[in-house]
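Trainee: Take a look at the following structure, please.
The values are calculated or read from the model by the stated rules, or taken from the named source; none is laboratory data. Only a predicted model underlies this, so the values are computations on that prediction, with no experimental measurement involved. Cβ atoms come from the backbone with ideal geometry, glycine included; neighbour counts cover every protein chain shown. Keep in mind that these areas ignore ligands, DNA and RNA; they rest on the heavy atoms of the full protein, side chains included. Shrake-Rupley method; radii C 1.70, N 1.55, O 1.52, S 1.80 Å.
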Amino acid sequence: MQPRKVEGIRQEDLPEDESVLVDPSRERALVLNALGTIIWELCDGNHTVAGMAALIAQRVPSHDAQDIHK
């Protein structure tokens, strides 16, 4: 499985590596913390879930790839 972003969702950067996702069609917004922002950015259709977990474990040392994948 290679997750990809939903078309039409707009990402706006916030301070401290956080972001907000805006879905204009549903008039909704979701604030992502720094880890959520990393995950969202990796949802490009080129990374598997396991690959994403491994990359996150490298970028955020306090997270183990096995725990992330669960």
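Trainee: I need a count of the residues in the stretch 48-63 that are open to solvent by 50 Å² or more (accessible area, probe 1.4 Å) and in a loop (DSSP other than H, G, I, E, B).
Mentor: Of the residues in the stretch 48-63, 4 are open to solvent by 50 Å² or more (accessible area, probe 1.4 Å) and in a loop (DSSP other than H, G, I, E, B).
Trainee: A follow-up question, please. Test residue 50 against the criterion of being among the small types (Gly, Ala, Ser) and in contact with a His (Cβ under 7 Å, 6 or more places away or on another chain), and give yes or no.
Mentor: yes
Trainee: What are the residues in the stretch 2-47 that are on the phi > 0 side of the Ramachandran plot and either in contact (Cβ under 8 Å) with a residue 12 or more places away in the chain or surrounded by 10 or more Cβ atoms within 10 Å (Cβ to Cβ) (or both), if any?
Mentor: Listed by number, the residues that qualify are 8, 16, 17, 45.
Trainee: Can you work out which of the residues in the stretch 14-57 that are hydroxyl-bearing (Ser, Thr, Tyr) and more than 21 Å from residue 1 (Cβ to Cβ) is modelled with the highest pLDDT?
Mentor: Step one: filter the stretch 14-57 for residues hydroxyl-bearing (Ser, Thr, Tyr), giving 19, 25, 37, 48.
Then drop every residue that is not more than 21 Å from residue 1 (Cβ to Cβ), which leaves 19, 25.
Numbers: 19: 97, 25: 93.
By that ranking, first place goes to 19.
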